[in-house]
There are 2 protein chains.
Amino acid sequence: MATIKDVAKLAGVAISTASYALNNSNKVSQSTRKKVVEAAKELNYQKNGFASDLKRSRTNTIALILSDLSGPYYSELIKGVQDVATANGYDLIACSSIGGPQSTAVKFLKEKRVDGVIILAHNISDEITLESAREGFPLVVLDRKLKNEFVVHVEVDNVQGGYTATEYLINKGYRHIAYVSGPSNSHDNMLRFEGFTNALKANDLNFQSKWRLSGDFTREGGYRATKMLIAQRDLPEAIFYANDEMAIGGLQAFKENGISVPKDISIIGFDDIQLAEYVIPSLTTMKQPKYEVGALSVHLIFQMLLGEKVNHNYKLSTELIERDSVR
Amino acid sequence: MATIKDVAKLAGVAISTASYALNNSNKVSQSTRKKVVEAAKELNYQKNGFASDLKRSRTNTIALILSDLSGPYYSELIKGVQDVATANGYDLIACSSIGGPQSTAVKFLKEKRVDGVIILAHNISDEITLESAREGFPLVVLDRKLKNEFVVHVEVDNVQGGYTATEYLINKGYRHIAYVSGPSNSHDNMLRFEGFTNALKANDLNFQSKWRLSGDFTREGGYRATKMLIAQRDLPEAIFYANDEMAIGGLQAFKENGISVPKDISIIGFDDIQLAEYVIPSLTTMKQPKYEVGALSVHLIFQMLLGEKVNHNYKLSTELIERDSVR
DNA sequence: CTGTTAGCGCATTCAA
DNA sequence: TTGAATGCGCTAACAG
């Protein structure tokens, strides 16, 4: 591969001159520039991004770390990040945290390959995150709280969301409500559950632990949890699934057992994924402002990059989307 | 930020010794290594990835360029790439080509920031792609054909897919079949159409141009095209949508007009996106082996990186998925 | 086993 | 306007 050296040589100028010419500096005469540009084209010269980043110690790119690049859930979030990053002349790369400490994600996190990072990946440990946090390296974390002066949080108000969803069911007249939970170590899940129990309490209902099932945030998990509930032969009147995937799994379980939603039982989800609108019956759920989360996150990164002070916590609220799974 | 220099100084060793110790070379005594590691921890040292990549002139990462990171369509593909890359100890980053020549994608393509690239992004021009192709820089292109000795193609057999889909409709007894096409500049679309007309010809049917509508590969486009077809008051017996998104848009148009699928008209899509299974009626479609495309692509990149000769064209076949939208 | 040294490719002084 | 020289942070060859 041709380097700038070769270009300079071919053009018959010094390296620095070539560099100036290629970077559109005005310190170079038109004729010289033309010579250099032509030489570059002839050699099919491409600059080495690393070398230049190394020199300027800035990459102009930010990374978005997701636990699973292929999850459809992230679409909106990515779009939010993408839009704002592009608008500010920054590049965005997405990488997956699959592979744990050996993953691409960790490499980018620790090795200064980017100017800032947004993390939404439960399999990146708190420890690694904290180790990477440092002055001048903005870190936005979306799915947990970390105590560190260089870490900023953007989160959805899960407690309020859980509360609103539950209150909605209660207002519809339901008294016996089950909760299908996500992984027990999920921060999001805990907060949604907190909102759930708060709403029950506020309405003088008490929660029966037999109606808390574990579903792991997966469709399969929701399916299994629901099957168990059905097997118990003591169905609640309504179910709050801690996310839509599990609710969709539940829908399938009910269908297989000839139980009609929402005639026999009402269900509500959380997230408002794309599929929620298409399943039968369409799923009533709490919509997360995913695009906004993404956009705000990058925005904060830019502010920090500029050395501005920002708060450490941002909370966005959720919105009830009424569809057909609650009667 | 601490550099390896600082670490070496604190540990009281030479820079190279520190480097060896940190890179788990066995050229260093246990005690020295311990000293160095401790110094590194104390200074919160993180190596600068660029500098090391620059030195080794290898990045161990490959890039996947997509026109839209947020498209659910890509899930499977990404997973295929991810799995194989990880298994080979390589990192994967995904970047979007939104922004054209200024996009992140182009930067990665041209500036040697990665060891290899997979492109599935119609908005990256052929010109840019060709400019980037060079020896020792494997380039796999998924959505078009380019004449260049350093470019390898992996494609789905769209002609066969189009043929199979159409033949299926014909075998069901349909004679009047419309085609809702993707963008006219889409290579994929052209090939599917070719398969479509081939199948008609093989069955002595002739194609009427009034039954070729344009839908742009979007749901909205499929919806509009279908509305037009309905407005013509001369419906075909079946429709072949060049992708699932458009078919889903069509489904909606039919529903709004009280036309029942598949009772009044049969439709078939192409791609087998996740949603296809969930719409009502569920969509009969041609499944693309997306995971396999991804996996094969990276695999080829590794072979090229190792200097092995590989073919320039790979074609994977599609598979008919029978569901409920064809009677 | 450890230290010295020479670049990787580029941007950027500082003199000329 | 140009060119020679310097160093970003790191690795690896070599010498001790």
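Is there a residue in segment A:87-107 that is in contact (Cβ under 8 Å) with a residue 40 or more places away in the chain and either over 21 Å from B:LEU77 (Cα atoms) or within 13 Å of DNA strand D (Cβ to nearest atom) (or both)?
Looking through segment A:87-107, at least one residue is in contact (Cβ under 8 Å) with a residue 40 or more places away in the chain and either over 21 Å from B:LEU77 (Cα atoms) or within 13 Å of DNA strand D (Cβ to nearest atom) (or both).
Restricting segment A:69-93 to residues that are at the interface with chain B (Cβ under 7 Å from one of its Cβ atoms) and either of a type in the set (A, V, I, L, M, F, W, C) or part of a strand (DSSP E or B) (or both), which is surrounded by the most Cβ atoms within 10 Å (Cβ to Cβ)?
Top of the filtered list is A:ILE93.
Give the number of residues within segment A:59-73 that are touching a Leu at 6+ places or on another chain (Cβ under 9 Å) and either at pLDDT 75 or above or of a type outside the set (Ser, Thr, Tyr) (or both).
Here the count works out to 9.
What are the residues in segment A:254-288 that are within 12 Å of another protein chain (Cβ to nearest Cβ) and closer than 18 Å to A:TYR174 by Cα, if any?
Our first condition is that a residue be within 12 Å of another protein chain (Cβ to nearest Cβ); within segment A:254-288, this holds for A:273-283.
Selection gives A:LEU283 alone.
Report, by residue number, each residue of segment A:129-148 that is more than 25 Å from B:ASN60 (Cα to Cα), charged (D, E, K, R) and free of Cβ contacts under 8 Å to residues at least 24 places away in the same chain.
A:ARG134, A:GLU135, A:LYS147
Hey, can you tell me all the residues within segment A:25-54 that are without any contact (Cβ under 8 Å) to a residue 12 or more places away in the chain and either within 11 Å of DNA strand C (Cβ to nearest atom) or within 13 Å of chain B (Cβ to nearest Cβ) (or both)?
Result: A:SER25, A:LYS27, A:VAL28, A:LYS41, A:GLY49, A:PHE50, A:ALA51, A:SER52, A:ASP53, A:LEU54.
Identify, by number, the condition in (1) surrounded by fewer than 18 Cβ atoms within 10 Å (Cβ to Cβ); (2) farther than 19 Å from B:GLU322 by Cα that B:LYS172 doesn't meet.
(2)
Can you name every residue in segment A:241-300 that is closer than 22 Å to A:ALA94 by Cβ, surrounded by 23 or more Cβ atoms within 10 Å (Cβ to Cβ) and among the small types (Gly, Ala, Ser)?
A:GLY294, A:SER297, listed by residue number.
Over 26 Å from A:ILE273 (Cα atoms), of a type outside the set (A, V, I, L, M), part of a helix (DSSP H, G or I) and free of Cβ contacts under 8 Å to residues at least 60 places away in the same chain - does that describe any residue in segment A:55-68?
yes
Is there a residue in segment A:73-84 that is away from DNA strand C (no atom under 13 Å from the Cβ) and either among the polar types (S, T, N, Q) or on the phi > 0 side of the Ramachandran plot (or both)?
Looking for residues that are away from DNA strand C (no atom under 13 Å from the Cβ) and either among the polar types (S, T, N, Q) or on the phi > 0 side of the Ramachandran plot (or both), one finds at least one in segment A:73-84, hence yes.
Does B:ALA14 satisfy the condition of being within 12 Å of DNA strand C (Cβ to nearest atom) and at the interface with another protein chain (Cβ under 8 Å from one of its Cβ atoms)?
No, not satisfied.
For segment A:94-107, how many residues meet the condition of being surrounded by 17 or more Cβ atoms within 10 Å (Cβ to Cβ) and more than 8 Å from chain B (Cβ to nearest Cβ)?
Looking only at that region, the number is 3.
Without any contact (Cβ under 8 Å) to a residue 12 or more places away in the chain and out of contact with any helix residue (DSSP H, G or I) (no Cβ under 9 Å at 6 or more places or on another chain), is that true of B:ASP126?
no
Out of B:ASP264, B:ASP244, B:ASP234, which single residue is at pLDDT 95 or above and over 22 Å from the mean Cα position of the chain (by Cα)?
None of the others qualify; the one that does is B:ASP264.
Sort through B:GLU155, B:GLU167, B:GLU194 and tell me the only one that's closer than 30 Å to B:ASN123 by Cα and without any contact (Cβ under 8 Å) to a residue 60 or more places away in the chain.
B:GLU194
What number of residues within segment B:112-135 satisfy the criterion of being at the interface with another protein chain (Cβ under 8 Å from one of its Cβ atoms), under 24 Å from B:ASN88 (Cβ atoms) and out of contact with any Lys or Arg (no Cβ under 6 Å at 6 or more places or on another chain)?
3
If you go through segment B:254-276 one residue at a time, how many are touching a residue at least 40 places away in the same chain (Cβ under 8 Å) and of a type in the set (D, E, K, R)?
3
Could you check segment B:37-56 and list, in sequence order, the residues that are within 11 Å of DNA strand D (Cβ to nearest atom) and surrounded by 13 or more Cβ atoms within 10 Å (Cβ to Cβ)?
B:ALA40, B:LEU43, B:TYR45, B:GLN46, B:LYS47, B:ASN48, B:GLY49, B:PHE50, B:ALA51, B:SER52, B:ASP53, B:LEU54
Scan segment B:9-36 for residues that are modelled with pLDDT of 90 or more and under 19 Å from A:LYS107 (Cβ atoms) and jot them down.
The answer is B:SER19, B:LEU22.
Among the residues of segment B:94-113, count how many are under 23 Å from B:GLU155 (Cα atoms) and part of a loop (DSSP other than H, G, I, E, B).
2
Would you please name the residue that is nearest to A:GLY49 (Cα to Cα), looking only at residues in segment A:11-30 that are polar (S, T, N, Q) and either within 7 Å of DNA strand D (Cβ to nearest atom) or outside any helix (DSSP H, G or I) (or both)? Steps first, please.
Quick first cut of segment A:11-30, residues polar (S, T, N, Q) only: A:16-17, A:19, A:23-26, A:29-30.
Among the residues that remain, those that are also either within 7 Å of DNA strand D (Cβ to nearest atom) or outside any helix (DSSP H, G or I) (or both) are: A:16-17, A:23-26, A:29.
Numbers: A:SER16: 17, A:THR17: 19, A:ASN23: 13, A:ASN24: 17, A:SER25: 18, A:ASN26: 22, A:SER29: 25 Å.
By that ranking, first place goes to A:ASN23.
Exactly one of these conditions fails for B:LYS5: (1) within 20 Å of B:PHE108 (Cα to Cα); (2) of a type outside the set (A, V, I, L, M); (3) within 16 Å of DNA strand D (Cβ to nearest atom). Give me its number.
Among (1) within 20 Å of B:PHE108 (Cα to Cα); (2) of a type outside the set (A, V, I, L, M); (3) within 16 Å of DNA strand D (Cβ to nearest atom), B:LYS5 violates only (1).
Can you tell me which residue among B:LEU130, B:LEU139, B:LEU146 is of a type in the set (A, V, I, L, M, F, W, C) and surrounded by fewer than 16 Cβ atoms within 10 Å (Cβ to Cβ)?
B:LEU130
Condition check ((1) over 20 Å from A:TYR168 (Cα atoms); (2) touching a helix residue (DSSP H, G or I) at 6+ places or on another chain (Cβ under 7 Å); (3) of a type in the set (Lys, Arg); (4) free of Cβ contacts under 8 Å to residues at least 60 places away in the same chain) across all residues:
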| site | (1), (2), (3), (4) |
| --- | --- |
| A:GLN252 | yes, yes, no, yes |
| A:ALA295 | yes, yes, no, no |
| A:LEU306 | yes, no, no, yes |
| A:ASP324 | no, no, no, no |
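The values are calculated or read from the model by the stated rules, or taken from the named source; none is laboratory data. It should be emphasised that the depicted structure is a prediction, and the values quoted were computed from it without experimental measurement. Positions of Cβ are generated from backbone atoms using ideal geometry, with glycine treated the same way; all protein chains shown enter the neighbour counts.
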